[in-house]
Amino acid sequence: MTGSPAVSPTAQRQLDLVPDALLAGRAADGDTAAFEALARRHGPLMRATARRLTGTLADADDVVQESLMQAWKQLDQLRDPAAVKSWLLRIVGTRSIDHLRKRRNHLALDDLENHVDAPSGQRTPDPESTAVNASRVDALKSALARLPEEQRRCWVLKEFNDLSYEEIALTLNISPASVRGRLARARIALARTMEEWR
């Protein structure tokens, strides 16, 4: 996308008025100005979504940059140009989940371990409660690993990122009803597995 001829502010404003479907079609044909107009239009929502999922602006910016690069390369695979907004958000969701897999999942479980290790009012837990808490966290990690991927994604996005059902649905490209069902099944499975830790 670099090296494209500069677009005048007037032409840029005119492109900003063009419908998504037309911009996506032109971008798929190699029109970088059309793609940049799409990025300007949907970039703020992409960034907000990535920020909500990854937890930091730096990660969000990385995710958006990677998502735009992926979108540019895969524009020819977009079946419905009018749905470019949801397609871009789906890419952001997938890229954010990749970040969660690499970083956030483990950090969140480590945070959970720290919360479990330090009960309120008790600065240094005794060795027995430290061992019990470590076992509880290991059991939760193991239980999460056994969940089907789609249930685990919903659970992580809800419990660690505090996303709404609608935000999870948008991120994973499923309906809010599917999110509810997957979360319910994940919670039942985790409750059964973690029963002995109650």
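The values are calculated or read from the model by the stated rules, or taken from the named source; none is laboratory data. The structure presented is a predicted model; accordingly, all values stated were derived computationally and were not measured. Here the Cβ is made from the backbone with ideal geometry for all residues, glycine too, and neighbour counts use every protein chain on show. Surface areas here come from the heavy atoms of the whole protein model, side chains and all, with no ligands, DNA or RNA. Shrake-Rupley method; radii C 1.70, N 1.55, O 1.52, S 1.80 Å.
Assorted remarks:
- Here the gap between residue 138 and residue 193, fully extended at 0.36 nm per residue and compared with their Cα-Cα distance, gives a gain of 18.6 nm.
- Per DSSP, loop trypsin sites (Lys or Arg not before Pro) in the range 45-92 with at most 12 further Cβ within 10 Å: 79
- Euclidean distance of C-alpha centroids, the range 76-93 and the range 138-157, integer Å: 27 Å
- Pairs exceeding a 28 Å alpha-carbon distance, out of 73/102; 73/158; 102/158: 73/158.
- Computed with a 1.4 Å probe over protein heavy atoms only, the accessible area of residue 159 comes to about 90 Å².
- The residues neighbouring residue 41, those whose beta-carbon lies less than 13 Å from its own, together hold a net charge of +1 under the Lys/Arg +1, Asp/Glu -1 convention.
- These residues, 76, 61, 138, 20, go from largest to smallest accessible area, 1.4 Å probe, as 76, 138, 61, 20.
- Dimensions (Å) - the range 1-86, Cα atoms, principal axes, largest first: 35, 30, 23
- Alpha carbon centroid spacing (whole Å) that separates the range 37-52 from the range 58-75: 10 Å
- Average Cα contact separation per residue, the range 46-108, under 8 Å, 6 or more apart, as relative contact order %: 42 percent
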